[in-house]
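The values are calculated or read from the model by the stated rules, or taken from the named source; none is laboratory data. Keep in mind that what you see is a predicted model, and the values were worked out from it rather than measured. Cβ coordinates were reconstructed from backbone atoms using ideal geometry, including for glycine residues, and neighbour counts include every protein chain displayed.
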């Protein structure tokens, strides 16, 4: 009997846990909900600022029947870094620019968030809000937050939304500066209370004007609801710092053939008054989320977002880098008499190494074809191409491209490089015929290493093996995941 009771209790607990772990996912985009993504006062920006100020803890995505994992600082910074995307494949984000500068997502880029609503026999509640960057057909995960933490952080925030009561918006939330009828209702509440001396109305110069309102002919028109579209409410914002603006007042205007200023109200006083109104047009962000005042695409299953290419253990990609051999850091390859290309050219002529037509290292050049590539083309007076007996000199060929395969181990957070080929480049400054950097000939990286070992050129050998040179990435082929 006791065993049977225990079994029933276990089933009941399991059922409750299962019910509590079932989520509906509301995808809220800036396209359908612009009020949550306004510049300098967007919800993602507020949350990111709170993380930076260490007032809000970011988490990984919630997983069914698993404890929520904190998103540590390195992981958060990595998620905030813009990855390179080519052909819809996300590559290593630390190489976002050619000069090695790491670039981060801006608040305007994070134009999507997911609201996790748990469904239980007792009802529903919002548990989490996760931020994303829409990228092609993938959603790049940035961070997840507990909704109860968000409410605490935004409790004293003065930013708010208008709740539209019109059926046309289906519960959409609108900002203060959108004229949908809410400004009229707000203006009526503020002005009628000012006439009763329950709130102070000011002029644009900051003088109290409660007594003067009674003699203002425009105030009489507030009773005519047919003219609701002529009333405007605008926030007055004060710059707090470089990217932070806070509203300090609400101004009311009447717009007929001309726009007339009516009154200004202290923002906090107006907020308190409007929040007491039974229609509750004035809502903080967290309350708007709680009431699900947004348009969304609903999912009943867990999302599978792309997370900066980190859902798999390893990926590899091909990188082409440019080396200027005149640079001090690359001088080991261009010392007079022992230039790398001079060594390679002599090795081809002595049949110690092969030369190739491209970086695929498949089609070889015979000795004659190799020699022909050194002849400099020229244009004669008859506009036809003539062959000039001049040939490229070693000191003119001071550029080379290095083609490598980079493997990134996401668990160990380590990179490893494997050289594939080396291209000798005709620099644009020397290439008078075409005026561009142009590949002259290619060599297998492995064969180059063997020649350097054979000739005991340790300085060049170490520079290549240890990647001790200055290179500028030119482009990256799409990543291949392992």
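Which one of 344, 274, 289 is in the same structural domain as residue 406 (by TED's automatic domain parsing), buried (at least 19 other Cβ atoms within 10 Å of the Cβ) and either modelled with pLDDT under 90 or part of a helix (DSSP H, G or I) (or both)?
On inspection, the qualifying residue turns out to be 344.
Hey, any hits in the range 180-199 for a residue that's surrounded by 13 or more Cβ atoms within 10 Å (Cβ to Cβ), assigned to a strand (DSSP E or B) and at pLDDT 80 or above?
no
What residue, among those in the range 237-259 that are loosely packed, with under 15 Cβ neighbours inside 10 Å and in a strand (DSSP E or B), is modelled with the lowest pLDDT?
244
Going through the range 103-128 one residue at a time, which ones are within 17 Å of the chain's Cα centre (by Cα) and more than 14 Å from residue 50 (Cα to Cα)?
Correct list: 103, 104, 105, 106, 108, 109, 110, 111, 112, 113, 114.
Please go through the range 35-52 and give me each residue that is modelled with pLDDT under 85 and closer than 17 Å to residue 133 by Cβ, ordered by number.
Residues of the range 35-52 that are modelled with pLDDT under 85, as a first pass: 35-42.
Passing the criteria: 36, 37, 39, 42.
Give the number of residues within the range 35-56 that are touching a helix residue (DSSP H, G or I) at 6+ places or on another chain (Cβ under 6 Å) and either assigned to a helix (DSSP H, G or I) or surrounded by fewer than 20 Cβ atoms within 10 Å (Cβ to Cβ) (or both).
Going through the range 35-56 one residue at a time, the tally reaches 6.
Among the residues of the range 16-34, is any assigned to a helix (DSSP H, G or I) and at pLDDT 70 or above? Write out each step before concluding.
Keep residues of the range 16-34 that are assigned to a helix (DSSP H, G or I), which gives 16-20, 34.
With at pLDDT 70 or above added as a condition, the list becomes 34.
Looking through the range 16-34, at least one residue is assigned to a helix (DSSP H, G or I) and at pLDDT 70 or above.
Given the options 403, 449, 394, name the one that is touching a strand residue (DSSP E or B) at 6+ places or on another chain (Cβ under 7 Å), modelled with pLDDT of 90 or more and under 24 Å from residue 327 (Cα atoms).
Going through 403, 449, 394 in turn, the sole match is 403.
Could you list, in sequence order, the residues of the range 195-205 that are free of Cβ contacts under 8 Å to residues at least 12 places away in the same chain and closer than 21 Å to residue 273 by Cα?
Answer for the range 195-205, where residues must be free of Cβ contacts under 8 Å to residues at least 12 places away in the same chain and closer than 21 Å to residue 273 by Cα: just 196.
Quickly run through the range 292-330 and pick out the residues that are in a loop (DSSP other than H, G, I, E, B) and either closer than 30 Å to residue 233 by Cα or modelled with pLDDT of 75 or more (or both).
Step one: list which residues in the range 292-330 are in a loop (DSSP other than H, G, I, E, B), which gives 292-296, 300-305, 307-313, 325-327.
292, 293, 294, 295, 296, 325, 326, 327 - these are the residues of the range 292-330 that are in a loop (DSSP other than H, G, I, E, B) and either closer than 30 Å to residue 233 by Cα or modelled with pLDDT of 75 or more (or both).
Residues that are in contact with a strand residue (DSSP E or B) (Cβ under 7 Å, 6 or more places away or on another chain), surrounded by 18 or more Cβ atoms within 10 Å (Cβ to Cβ) and either modelled with pLDDT under 75 or under 26 Å from residue 147 (Cα atoms) (or both): does the range 214-232 have at least one?
Looking through the range 214-232, none of the residues is in contact with a strand residue (DSSP E or B) (Cβ under 7 Å, 6 or more places away or on another chain), surrounded by 18 or more Cβ atoms within 10 Å (Cβ to Cβ) and either modelled with pLDDT under 75 or under 26 Å from residue 147 (Cα atoms) (or both).
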